[in-house]
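Since the structure comes first, as structure tokens, the remarks are kept for the end.
The values are calculated or read from the model by the stated rules, or taken from the named source; none is laboratory data. Predicted model, so just to flag it, every value in this text is computed and none were measured. As a convention, Cβ positions derive from the backbone with ideal geometry for all residues, glycine included, and neighbour counts pool all protein chains shown.
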Amino acid sequence: MRTRRTSAHDAHGRGRLLTHGAFWRILRPIMSKKLDMEILASLCKRRGFIFQSSELYGGINGFWDYGPLGCELKRNIKNAWWKHIVRTREDVVGLDATIIMHPAIWKASGHADGFADPMVDCKDCRKRFRADQLCEEQGLELIKDGKTVALPDGAKCPACGSRNLTAPRSFNLMFKTFVGPIEDDSNAAWLRPETAQAIFAQFSNIIATARQKVPFGVAQMGKSFRNEINPRNYTFRSREFEQMELEFFIRPDEAVELICGRVTTLADKPDLTGEPQESWGWEVWLHYWIEQRLAWYRSIGLPAEHLELYWQTGDELAHYARACVDIEYAFPFGVQELEGIAARGDFDLTQHQRHSGKQMDVFDEALKQAADKLDAAAKEAFTEKVVAEWTARNQSPEAARAFVAKLFEGKYVPHVVEPSAGTDRLALALLSNAYDEETLTDDKGKTDQRTVMRFHPSIAPIKLGVFPLVKNKPELYAKAREIFAQLQRRWNCFWDESGAIGRRYRRMDEAGTPWCATVDFQTLEDGTVTLRDRDSMQQVRLSVPELIQKLDTEIG
Ligand code: GAP
């Protein structure tokens, strides 16, 4: 919500521009309270951003379709992510794997046995809830004892208030299906609940073909499926959604130490915005990726003050994870996770090594050379140091010795830092952030309201509206079509010839289109068009090459 006072004017002071619409002054924002999600959902439906899936048949809970504007928005988000993570880096490559994979992958990853939420049913109204969410909302603590959980006294049904609830039962979130015509357990398979596992499963093929050396990353984006017990908050928690995940493989700190003689930690205050350094340990890599991701969110228009970091505490962390931070966004319904960034050690690749029987370690020439320079005493001292460190972390001395012996051969299973983002959650954050309402008043005191989606130009579904001032002047109309065709080759532009110019502007404001170009009589004389800015509503005259240059710079 913005509080601005400004007046729209023709930057060049040309009276002719008045014909394109009244001059509006922004009086005051009419949205004095937090954005109501129903208002946003209604705009999203009205303008074709998001529709309920299968609405024709009453809808299906937890599934959403993206309409003409929404799918452009999502495509822009994914393109921007791919550019940031893959295209503009030399150390990340991509993968596009299948949604259904060998069921053994989910056994190895732990999803088959452990990817579950505790579910309770109300015996009176028959509604179903997630036990942890139910407790959290009622200010209660779920009772945990190892793998079993129980509801505390006082827990009640959020729908009808009854205390007649079942005990929590573990509910696996993976969608099950069958491959081939026979529906028995030997043909069972799952829709992937995350895109990440395919990266681990294809690690050997990728490292054999991509001409990359650790540290390097593999990125994948695409659909994931989770049979959420309670989909909610519009698209925030859906049953089918898209993820954008990076597995960034790094050397174990012990290998870094052998190669560089030291490990850079946060205490060394490394420059996280500069080029990554060979001596960085896992903690520095984790913080580097947090910085990268925050900078990217800001670059596509999410204000820094709406982004927060939440560090998972000891008992929230998965047993193998060294650290995990959530990048959270202040959604209208609360501050919630947008992306998780986890330091997962070598857990995933080691699990696949164990379950597949195939080696997942890499040979690191620099490590072998460094190890070969050590004499027997130095090797012994290094081994004992690692054993002591591992023992202090409750890891077995035998495992430490085996690990160091491999290091001396130049081998290790890479560790991983995983920034894992949700495309749909980000789309929702960008939609919530963009929504704005203003009351405008013209020179004669007449007021009007406008709804405007203030998307950053890089992710706006339509970049430019192109309007002929009138449609009954063939020469002007033809010129406008020619300009539209020229610009449409570069960006998604929208042609609108119906209604008063002011109405056309309003429609583009609701679609979040950053600029509108009007082709008028002066265009026929000097080739310039009127470019109207969505946010300031100011108008300037530009030649088409000037307009192209401006859009190129601002869209990025
Ligand atoms: N590979 C790690 C992983 O999947 P996660 O925290 O479960 O981690 C990563 O998911 C991101 O995927 C979340 O931060 C969120 O943006 C998105 N996500 C997860 N579950 C979702 C759901 N049910 N609906 C929409 N987005 C979801």
Residue check: is Ser432 closer than 29 Å to Trp289 by Cβ, among the hydroxyl-bearing types (Ser, Thr, Tyr), touching a helix residue (DSSP H, G or I) at 6+ places or on another chain (Cβ under 9 Å) and assigned to a helix (DSSP H, G or I)? yes
Restricting attention to region 448-491, report how many residues are closer than 19 Å to Arg47 by Cβ and either in a strand (DSSP E or B) or modelled with pLDDT under 95 (or both). 10
Take region 405-445 and flag every residue that is more than 15 Å from the ligand (Cβ to nearest atom), over 25 Å from Phe200 (Cβ atoms) and of a type in the set (Gly, Ala, Ser). Ala434, Gly445
I'm told Ala377 meets every condition in (1) farther than 28 Å from Gln359 by Cα; (2) surrounded by 14 or more Cβ atoms within 10 Å (Cβ to Cβ); (3) more than 16 Å from the ligand (Cβ to nearest atom) except one. Can you identify the failing condition by its number? (2)
Filter region 53-64 for residues that are over 21 Å from the mean Cα position of the chain (by Cα) and not in a loop (DSSP other than H, G, I, E, B); the one that is surrounded by the most Cβ atoms within 10 Å (Cβ to Cβ) is Glu55
List every residue pair whose Cβ atoms lie under 7 Å apart, where the two residues are 6 or more positions apart in sequence or sit on different chains, the first residue falls within region 172-195 and is under 16 Å from Asp117 (Cα atoms) and within 16 Å of the ligand (Cβ to nearest atom), and the second residue, located anywhere, is at pLDDT 95 or above and aromatic (Phe, Trp, Tyr). Met174/Trp106; Met174/Trp190; Phe175/Trp190; Phe175/Phe225; Pro193/Phe225
Tally of residues being of a type outside the set (D, E, K, R) and surrounded by fewer than 16 Cβ atoms within 10 Å (Cβ to Cβ) across region 496-526: 6
With region 105-194 as the region, which strands (runs of 3 or more DSSP E) entirely inside it contain at least 3 residues that are modelled with pLDDT under 95 and within 32 Å of the chain's Cα centre (by Cα)? 116-121, 128-130, 169-172
